[in-house]
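Reading through the structure tokens given below for one structure.
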Amino acid sequence: MRVAGDLRKKIVDGRLPPHTRLPSQARIREEYGVSDTVALEARKVLMAEGLVEGRSGSGTYVREQPVPRRIARSGFRPERGATPFRQEQADAGVRGTWESSSEQTEACGAVAERLGIEPGDRVMRTRYLFREAGEPMMLSTSWEPLALTGRTPVMLPEEGPLGGMGVVERMRAIDVIVDNVTEEVGARPGLAEELVLLGGVPGHVVLVIRRTYFASGRPVETADVVIPADRYRAAYHLPVK
């Protein structure tokens, strides 16, 4: 940790700028008077932190660190015509695209608890990949109870007359009035399949926003929003009443 800390400081203060080759394992061993094992583990620490990356047959190099951009959020957005992208990104000046796929499945215990239903109850699960200027920026997986939306025109979030219009608008169409939303923000290492989609490095941390929409206290949709923490910050706009 001492060796990794010193190398980290050199990277942060610019003495080891982006694209510079990290000192070899032998060089680290000699400079710091440590064993090969310690030198290797120090490099692994920096790689896990996303500060360096290995290049096949060439060595380990300092990664260029992105300047974090904001993902503006304001929670409940009742305006008509809100698309899934606008639902997740509240900044009116931002435009983006998304890909999605929906399928019926059974609610696991955690999802059932969030939706106030029984484990095994049928839900519509929709997975989204959001892009800004073509760059992957955010994942979202949502679940809606089919006991509420099944056999209605809004059963499939991205199809039908209100496909792509967002939770508030779609629920209103079946006389369900969304009046509250909660968001819980946490962080964890990104899963391999998430980082492949988001263009991240193994070990990178992601922000996870657990969002649930309510209508008169009843959960009508819940979702996990996953954001790469090294590239984005979640900025909240909360009105004062």
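Evaluation of Glu79 against the conditions (1) within 20 Å of Leu162 (Cβ to Cβ); (2) modelled with pLDDT under 95; (3) open to solvent by less than 60 Å² (accessible area, probe 1.4 Å) shows that the sole unmet condition is (3).
Do the conditions hold for Glu41, that is, is it under 29 Å from Arg131 (Cβ atoms), open to solvent by 40 Å² or more (accessible area, probe 1.4 Å) and of a type in the set (Asp, Glu)?
Working: under 29 Å from Arg131 (Cβ atoms): no; open to solvent by 40 Å² or more (accessible area, probe 1.4 Å): yes; of a type in the set (Asp, Glu): yes.
No: the conditions fail for Glu41.
Can you say whether Val196 is buried (at least 16 other Cβ atoms within 10 Å of the Cβ), β-branched (Val, Ile, Thr) and in the same structural domain as Phe85 (by the TED database), as far as the supplied structure shows?
Numbers: buried (at least 16 other Cβ atoms within 10 Å of the Cβ): no; β-branched (Val, Ile, Thr): yes; in the same structural domain as Phe85 (by the TED database): yes.
For Val196, the condition - buried (at least 16 other Cβ atoms within 10 Å of the Cβ), β-branched (Val, Ile, Thr) and in the same structural domain as Phe85 (by the TED database) - is not met.
Take Gly96 and tell me if it is surrounded by 16 or more Cβ atoms within 10 Å (Cβ to Cβ) and at pLDDT below 85. It is true that Gly96 is surrounded by 16 or more Cβ atoms within 10 Å (Cβ to Cβ) and at pLDDT below 85.
For residues that are open to solvent by 50 Å² or more (accessible area, probe 1.4 Å) and closer than 21 Å to Val201 by Cα, scanning just the range 2-38, find the one that is farthest from the chain's Cα centre (by Cα). Filtering first and then ranking leaves Arg21. Look at (1) at pLDDT 90 or above; (2) closer than 30 Å to Gly50 by Cβ; (3) open to solvent by 10 Å² or more (accessible area, probe 1.4 Å) and you find that Glu159 fails only one, number (2).
The values are calculated or read from the model by the stated rules, or taken from the named source; none is laboratory data. This structure is a prediction, so every number in the text was calculated from the model and none was measured. Using ideal geometry, Cβ is built from the backbone for each residue, glycine included, and neighbour counts are taken over all protein chains shown. SASA here: full protein model, heavy atoms, side chains in, ligands and nucleic acids out. Shrake-Rupley method; radii C 1.70, N 1.55, O 1.52, S 1.80 Å.
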